[in-house]
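Step one of this worksheet: look at the structure below.
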Amino acid sequence: MDASSIFARIVAVVGGIALQWRKLKEIAPAPAWGSSPVVPEGKPQGKIPTLKMPSAQGWAPGQKPSVAPGLKVNAFASGLEHPRWIYVMPNGDVLIAESNQIPTPVKSVFGYAMQATMRRAAALGDSANRITLLRDRDGDGVAEVQQPFMQGLNQPFGMTLIGETFYVGNVDGVFAFPYVAGADSITADGRRLTTFGTGGHWTRSLLASADETKLYVGVGSLSNISESGMEVEKGRAAVYELDVASGASRIFAGGLRNPVGLAWEPNTKTLWTVVNERDGLGDETPPDYLTSVREGGFYGWPYCYWGQTVDDRVEQDAVLVATAITPDYALGGHTASLGLCWHPAGFLPGFPDGMIIGQHGSWNRSTLSGYKVVFIPFTNGKPSGPPRDILSGFLAPDEKASYGRPVGVTLGPDGSLLVADDVGDVIWRVTGA
């Protein structure tokens, strides 16, 4: 056992003591879910915030997630290296971005503790920096072809094809690559379209507009609550709009701490995103959320949350706080909701119109949350009911180990839902039973 692993175990013990102390002092809050959640008052946790993360265990042979009634699940592909995001090409090829958060210099004992804990949970380490191509040639629901499509990238995440150009969201910017229909790989050099700061929240999701003239890009903050000042946060915590023809980009909406998945609600043609909120205020405070993205809108970070609830830990900007938009739908505290895709009614049997969300799972609350794939029904372009589980069982009952952690979700080319699992190193395939 190396020094980092030993330190992670020590952190787990100290964290466990802190958790028990907080449980004695506080009543566990109800989950903050829905359009009108009860968000508990924030209680700053100071220099010893809650730190609880399960060890990455992976799936035993034959083991798989639990699935909702009327559905079934199988491994579409396995043996990947930290698969994070999925994109389906027009010819049915399935592309997987394999990448990971990489360690950065730490500035405190807590920073080192967090990195040691994240390593144990397989949430920090080497990054494959690769996009892998999967093909199911015989239609049996398992990919027989699994080969590199692009290599030598820089923490790739979002992917989009427009015409003969393939776009990749690397951590440091969006790049455009020439693509030939049906190609097994791309080896040509890419053309940089944007430059983004690295470190911190590193995923760069991409989504094309319906007319394919614009790309929307999610860029998370560098820090939790701007601990190093707002100067280093310039151009972050935002959704960008990129003009494909000119390459010009602008911030479309801001104050979004870590907007990851992006999806269109097709009936109203509205852009939606899932956002990971700040840490250190309690188990359910504030909740992560699903929200429509208004052009020019400001969603609070770092000054306030869930509308105009001020975060007293941050030097305030009253003018911006007064404009902060309340998100549409709370997804529970620290669920790490990352994946997002639109689900048309009936695509999965028994499920109406709505959004599917991959919840990566918490690391910073007394009872872990997330670690599942959920469905939020929509009516008239808005969330309209309680969530339903699609996949669960990624977390051991005692919360000490995770078998998997869901990230990207997308509709497959064969009528299935595909889910990237970056601890199990699997792409799960969900269909009707």
remark   = For the range 199-213, the count of residues that are within 22 Å of the chain's Cα centre (by Cα) and either more than 19 Å from residue 271 (Cβ to Cβ) or surrounded by fewer than 23 Cβ atoms within 10 Å (Cβ to Cβ) (or both) equals 8
message = Quick check on residue 91: is it closer than 23 Å to residue 347 by Cα, in a loop (DSSP other than H, G, I, E, B) and among the polar types (S, T, N, Q)?
response = yes
inquiry  = What are the pairs with Cβ atoms under 7 angstrom where one residue, in the range 398-411, is over 19 Å from residue 100 (Cβ atoms) and crowded, with 23+ Cβ neighbours inside 10 Å and the other, located anywhere, is at pLDDT 95 or above and not aromatic (Phe, Trp, Tyr)? Sequence gap at least six, or different chains.
reply    = 410/86; 410/88; 410/341; 410/418
query = Between a first residue in the range 131-160 that is under 23 Å from residue 104 (Cβ atoms) and a second residue that is in a strand (DSSP E or B) and polar (S, T, N, Q), which pairs have beta carbons less than 8 Å apart while being 6 or more apart in sequence or on different chains?
reply = 153/170; 154/170; 155/170; 156/170; 157/170; 157/205; 158/205
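For every residue, the table says whether it meets (1) out of contact with any helix residue (DSSP H, G or I) (no Cβ under 7 Å at 6 or more places or on another chain); (2) crowded, with 20+ Cβ neighbours inside 10 Å; (3) under 25 Å from residue 158 (Cβ atoms); (4) polar (S, T, N, Q).
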position: 55; (1), (2), (3), (4): no, no, no, yes
position: 63; (1), (2), (3), (4): yes, no, no, yes
position: 75; (1), (2), (3), (4): yes, no, yes, no
position: 78; (1), (2), (3), (4): yes, no, yes, yes
position: 86; (1), (2), (3), (4): yes, yes, yes, no
position: 97; (1), (2), (3), (4): yes, yes, yes, no
position: 104; (1), (2), (3), (4): yes, no, yes, yes
position: 108; (1), (2), (3), (4): yes, no, no, yes
inquiry  = If I ask for residues that are more than 24 Å from residue 307 (Cα to Cα) and assigned to a loop (DSSP other than H, G, I, E, B), which ones from the range 325-358 would you list?
reply    = 344, 345, 346, 347, 348, 349, 350, 351, 352, 353
ask   = Has the range 229-243 got any residue that is more than 16 Å from residue 173 (Cα to Cα) and within 23 Å of the chain's Cα centre (by Cα)?
value = yes
ask   = Of the residues 196, 149, which single one is under 19 Å from residue 413 (Cβ atoms), at pLDDT 95 or above, in contact with a strand residue (DSSP E or B) (Cβ under 8 Å, 6 or more places away or on another chain) and among the aromatic types (Phe, Trp, Tyr)?
value = 149
key: Subset of the range 243-263 (residues that are in contact with a Phe, Trp or Tyr (Cβ under 9 Å, 6 or more places away or on another chain), farther than 16 Å from residue 329 by Cβ, among the hydrophobic types (A, V, I, L, M, F, W, C) and surrounded by fewer than 23 Cβ atoms within 10 Å (Cβ to Cβ))   = 244, 251, 252
message = Can you report the number of residues in the range 341-362 which are in contact with a His (Cβ under 7 Å, 6 or more places away or on another chain) and of a type in the set (A, V, I, L, M, F, W, C)?
response = 3
key: Residues that are over 20 Å from residue 273 (Cβ atoms) and in contact (Cβ under 8 Å) with a residue 60 or more places away in the chain, drawn from the range 191-224   = 199
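Here is a yes/no grid of residues against (1) surrounded by 18 or more Cβ atoms within 10 Å (Cβ to Cβ); (2) within 17 Å of the chain's Cα centre (by Cα):
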{"position": "318", "(1), (2)": "no, no"}
{"position": "323", "(1), (2)": "no, no"}
{"position": "336", "(1), (2)": "yes, yes"}
{"position": "350", "(1), (2)": "no, no"}
{"position": "354", "(1), (2)": "yes, no"}
{"position": "357", "(1), (2)": "yes, yes"}
{"position": "360", "(1), (2)": "yes, yes"}
{"position": "373", "(1), (2)": "yes, yes"}
{"position": "385", "(1), (2)": "no, no"}
query = Quick one: in the range 244-275, which of the residues that are under 24 Å from residue 161 (Cβ atoms) and aliphatic (A, V, I, L, M) is nearest to the chain's Cα centre (by Cα)?
reply = 260
request  = Take residue 313 and decide whether it is closer than 21 Å to residue 233 by Cβ, at pLDDT 95 or above and either of a type in the set (A, V, I, L, M) or touching a strand residue (DSSP E or B) at 6+ places or on another chain (Cβ under 7 Å) (or both).
outcome  = no
key: Selected residue (criterion: nearest to residue 364 (Cα to Cα)) from residues of the range 117-144 that are modelled with pLDDT under 95 and of a type in the set (A, V, I, L, M, F, W, C)   = 118
message = Going by what's in this entry, would residue 44 be described as on the phi < 0 side of the Ramachandran plot, assigned to a loop (DSSP other than H, G, I, E, B), over 19 Å from the mean Cα position of the chain (by Cα) and surrounded by fewer than 18 Cβ atoms within 10 Å (Cβ to Cβ)?
response = yes
task = Go through (1) surrounded by fewer than 16 Cβ atoms within 10 Å (Cβ to Cβ); (2) at pLDDT 95 or above and name the single condition residue 37 misses.
result = (1)
key: The listed residue being under 20 Å from residue 336 (Cβ atoms) and among the polar types (S, T, N, Q), out of 100, 74, 91   = 100
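The values are calculated or read from the model by the stated rules, or taken from the named source; none is laboratory data. Source: prediction; values computed, not measured. For neighbour counting, all protein chains shown are included, and Cβ atoms are generated from backbone atoms with ideal geometry for every residue, glycine included.
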